[in-house]
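In what follows, a single structure is set out as structure tokens and then discussed.
The values are calculated or read from the model by the stated rules, or taken from the named source; none is laboratory data. Bear in mind that the values here come from a model prediction, so they are computed numbers and not experimental data. A quick note on method: Cβ atoms are made from the backbone with ideal geometry, for glycine too, and the neighbour counts reach across all protein chains shown.
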């Protein structure tokens, strides 16, 4: 007990790094010092074995471990020092607060990192701008949103080249901003050389969401001490739904440019089948994640990030909902305004990708790769230290 109290008092002094630690970073360092002495949760997820390879926690270590945490809540519900204990150890909440700082600190360009801290407003403005842009553009180009049935010909409303000109720069900027941000993060955590085995392990852990199983395969804790795999399953529906929708767009692009096959495509075509299955996943997954988010234990996560979390989930949900509605009524007179609304939502999603919750998947994948590399390296700690 006395050892843990001493570690609690000395955590700040043990932190290393050139820049001073923020209060969130200092708190994570304090809690990890206690966890390092206790080690009850060592088998729960990758955070704890990675933690035990360190005696001190500098800024880069803290951000690495914070992004390695999947916020499953298992350690909080198992911890003997969790609130209301005086040590107040709550690793999921403390690391969530640091992750929010990671996204802002590593944003590119740096000036736009402030958008994370006002993400609810940012998302609302992006959505309003996207909807207004396409609704007004449709009215200017066609004079009305009401039209005779066009047999699903979207390009009669918005020409293909116009859509490419509008969406391609935004998507490429989002990819560039996320790539440059995670590159800086990668440089700071000093991972070392990645072997093929490490890449395969990290990729498998990311695709399977291994660390949302609570460390024992039974799942995470959401609203109480009961284990559930619901969040893992809803995450899978969301991620793979998104990837199938992306695949549908990619196949349609190949059809258009490589074979000269122009939309609209039949309901039995590969782009439509991929988009339909992906859209259903992207509808059910976010709906489930929002339901879980609204009922999660109050000690989980960072309340300040709830607008960003829920806004991103809602944006994914409405991207899918409007896309499926457009597919269902593409042969009717409502196709024009349905298309404008769907494109407006998608534009808002693209605009906010580098400065919203989407970033967590990028930084967490980098942290998983760092762990897969690190665990294959000899520990720097010597016996007796």
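Some observations on this one:
- Residue check for residue 178: surrounded by 14 or more Cβ atoms within 10 Å (Cβ to Cβ) and part of a helix (DSSP H, G or I): yes
- Of all residues in the stretch 194-240, those being under 19 Å from residue 293 (Cα atoms) and in a helix (DSSP H, G or I) number 12.
- Set 90, 71, 67: member being at pLDDT 95 or above and either in the same structural domain as residue 361 (by TED's automatic domain parsing) or within 22 Å of residue 182 (Cβ to Cβ) (or both): 67
- Helices (runs of 4 or more DSSP H) (entirely within the stretch 54-168) containing at least 3 residues that are in contact with a helix residue (DSSP H, G or I) (Cβ under 9 Å, 6 or more places away or on another chain) and closer than 30 Å to residue 272 by Cα: 119-142
Okay, residues lined up against (1) over 24 Å from the mean Cα position of the chain (by Cα); (2) crowded, with 22+ Cβ neighbours inside 10 Å:
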site	(1), (2)
43	yes, no
51	no, no
69	no, yes
87	yes, no
96	no, yes
114	no, no
135	yes, no
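- Failed item, numbered, when residue 264 is tested on (1) surrounded by 16 or more Cβ atoms within 10 Å (Cβ to Cβ); (2) in a loop (DSSP other than H, G, I, E, B); (3) touching a helix residue (DSSP H, G or I) at 6+ places or on another chain (Cβ under 6 Å): (3)
- Residues that are at pLDDT below 90 and in the same structural domain as residue 316 (by TED's automatic domain parsing) do occur in the stretch 170-190, at least one of them.
- Criterion applied to 119, 142 was being assigned by TED's automatic domain parsing to the domain that holds residue 160, more than 26 Å from residue 212 (Cβ to Cβ) and either touching a residue at least 60 places away in the same chain (Cβ under 8 Å) or crowded, with 17+ Cβ neighbours inside 10 Å (or both), and the one residue passing it is 142.
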